[in-house]
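Encoded as structure tokens, the structure appears first; notes follow it.
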Amino acid sequence: MLPDKDGPNGGGGVQNGPGTEDPSVSLFREYLRLKTVHPEPDYDAAVRFLERIAEELALPMKKVEVCPGRVVAIITWVGSRPELKSVVLNSHTDVVPVYEEHWKHDPFAAVKDEHGNIYGRGSQDMKCVTIQYIEAIRRLKAAGKRFSRTIHLTFVPDEEVGGHKGMETFVKHPEFQKLNIGFALDEGLANPTNAYTVFYGERNPWWITVRCPGSPGHGSRFVENTAAEKLVSVFRMLNTNECFTLGDVTTVNMTMVKGGVAYNVIPAEMDVSFDLRIPPTVNLMRACSSTPPKQYQDFVKEHNRTPLNLLPFSALQKHMDQNFTSTEESDPWWHAFSSTCKAMNVTLQKEIFPAATDSRFIREEGLPAIGFSPMNLTPILLHDHNEYLNEQVFLRGIQVYERLVPALASVPPLSGEE
């Protein structure tokens, strides 16, 4: 059984007593306890939670069912000039699965230890940002603030499984067009240093399965041209093909292998699946049609094998958009973001996001989007065992959004908005 007790700062799944914990931290921990975890995320619980938040903020919330059982929730704070382009604060409600036996604490108990570290699946990815948005808006409204541009908080499902029934579908929905978006913020990553990482683009995710049909037979015989031989040859091709080199830029990882029915039966077919992440600097059309290396072609010719580029394959995901968001100081949105961070003495590290987020669908619509999660001095633990975020880092993030949101929502009218 996993521990269910906190350190001296509070007790596991039990709400702390009055005055012992910042209410924003308590709300964060409450949200972490919602089991919006794949493969069966409790999205209804998340929507009920957000409905309560909208009522507390005295702001309207719209629910848009983009696919059966998949609801995008939108909380809107209308600006004084609603005709201007809006600012979107986007977050996803789902989290990835866990291996509970590898966790120090129950991953859905939101345990806080004696150091103020809050353990929970989604503590970094990205329930922290959701609550930071909400609490920043709460504080700004309580202070009587209002801005010229409308602010939309969007909460989308299914980001962790590719976004096909979430943001990818939502951006084509009429309700997305009604948001009249000028600029969007979405998730980023933690940074172990004192800096904050900001992402202006991201690598294209390709999830590909190659089917390797071969000669079946008894496991005791020497059988040529088997499915397993072809599967091994796929590895060789990927490791020697200059377009798909493992390293710091393009990554290729085998994630699934399927095939076989018994120890003594050579399978007639095997499937191998890969997760490829390709940076926007790579020519994707060349990658699609790249020629296998000469040594592989010689091997095929000598052994009369089926060329691997003729093997059937399927792509669950093959994103091709390579849009960037401008980080030039002449860009009014970036200037508002960066100058605000500078005023807070925040150091920014600009990078291409190594994985994939819902920002790619927003950028594909021609809209600027920045990935940013204000978590510095924090190890990167998204999707990892014992994911946690320190409460002081979390609270500092709210203060960051308290400054960023007004700056973005107060960007002067742009060309065409007058």
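Among the listed pairs Lys145/Lys350; Lys85/Lys172; Lys35/Lys258; Lys85/Lys178; Lys172/Lys318; Lys63/Lys165, those whose Cα-Cα separation exceeds 21 Å are Lys145/Lys350; Lys35/Lys258.
Fully extending the segment from Val261 to Ile380, taken as 0.36 nm per residue of separation minus the present Cα-Cα distance, adds 38.9 nm. Largest first, the extents of the alpha carbon coordinates of segment 84-159 on the three principal axes equal 50, 31, 13 Å. Modelled this way, with points 7 Å down the Cα-to-C-beta line, the labels at Ala58 and Glu364 are 4.0 nm from one another. Extension gain, Glu83-Lys350: 0.36 nm per intervening residue step, less the Cα-Cα distance, totals 93.0 nm.
If you take all other residues with their beta carbon under 13 Å from the beta carbon of Asn253, and give Lys and Arg +1 and Asp and Glu -1, the sum is +1.
Bear in mind that the values in this text are calculations on the coordinates, not laboratory data. None of the values given here were measured: they were computed from a predicted structure. As a convention, Cβ positions derive from the backbone with ideal geometry for all residues, glycine included, and neighbour counts pool all protein chains shown.
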